[in-house]
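Note sheet for the following structure.
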Amino acid sequence: MEVAKGYISNDYNNLDLSNQKSADWKVAIKIFQTRIELRYLEPIRLLIAHEKDLPARDQNYGFTIMAIICLLIETLYSFRKGITDNSGRGKAKAAFVSFLTESQSFKKFFTEDTAAIFCDHFRNGILHQAETKSKSRIRAIGPAVRIIGDSIAVNRTIIFELLEKEIRDFISELEDPDNVELHQSFKKKMDFICSR
């Protein structure tokens with residue numbers, strides 16, 4: 001199975017990641033980086049670039065961009081925590097609240113309440129109804145997060161830029177061989193992906 005462009009699961013499975021200082025960790029990180037970059041980040045960049053010169057009212061890719069962002073938030077959280085299955089009642093909400101309120105890039109923009117709204121109105125709304133819930137909106141302009149009563153408006157471009165920074169920070173942390181706990185979590189998730 002191809003796990004990233006140019007890499008099959010055995011490329012990862014044949015790595016020796018038992019030693020934190022093994023050169024194979026660089027390959028494992030490269031596989032992850034390639035997977036995230038080509039499957040998710042680059043398509044979002046292309047969608048944003050395609051609409052950048054259009055008036056805000058004519059920009060229509062917000063739902064697609066936000067769907068991929070939500071997928072990436074859950075994925076990155078799972079890699080950080082070593083979670084192989086995030087399904088089940090309340091797990092997604094807990095993941096989003098934790099990620100958005102604890103990560104360095106997002107915590108200044110989200111409270112527990114707005115993070116819970118983000119999960120329910122964007123993640124759940126787009127995933128289950130292909131719509132945002134309540135009065136929550138995806139914008140191409142404005143602040144990262146703006147409260148609208150019991151809903152929020154988010155700027156998809158700023159949220160994406162914050163997520164890109166968070167992914168870069170995650171990769172930098174993985175490159176530190178002394179970050180044993182993060183390596184174990186990453187390996188648990190990647191082992192699961194490559195075992196199928």
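The values are calculated or read from the model by the stated rules, or taken from the named source; none is laboratory data. A quick note: this is a predicted structure, and the numbers were derived from the prediction, not measured. So basically every Cβ, Gly included, is an ideal-geometry build from the backbone, and we count neighbours across all protein chains shown.
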Notebook entry, point to check: Within the range 133-148, how many residues turn out to be among the β-branched types (Val, Ile, Thr), exposed (fewer than 14 other Cβ atoms within 10 Å of the Cβ), modelled with pLDDT of 95 or more and within 15 Å of residue 56 (Cα to Cα)?
Noted result: 0
Margin query: List pairs: first residue in the range 46-57 and without any contact (Cβ under 8 Å) to a residue 24 or more places away in the chain, second residue among the aromatic types (Phe, Trp, Tyr) anywhere in the structure, Cβ distance under 8 angstrom, at least six positions apart or on different chains.
Written below: 47/61; 50/61
Notebook entry, point to check: Name the residues in the range 6-29 that are charged (D, E, K, R) and either under 19 Å from residue 181 (Cα atoms) or exposed (fewer than 15 other Cβ atoms within 10 Å of the Cβ) (or both), would you?
Noted result: 16, 21, 24, 26
Check: So how many residues does the range 95-150 have that are assigned to a loop (DSSP other than H, G, I, E, B) and acidic (Asp, Glu)?
Finding: 2
Check: surrounded by fewer than 18 Cβ atoms within 10 Å (Cβ to Cβ) and over 13 Å from the mean Cα position of the chain (by Cα): does that describe residue 89?
Finding: yes
Next item on the list: Might you let me know whether the range 45-62 holds any residue that is in a helix (DSSP H, G or I) and of a type in the set (Phe, Trp, Tyr)?
Entry: no
Next item on the list: Take the range 110-159 and flag every residue that is of a type in the set (Val, Ile, Thr), in contact (Cβ under 8 Å) with a residue 40 or more places away in the chain and more than 20 Å from residue 93 (Cβ to Cβ).
Entry: 141, 157
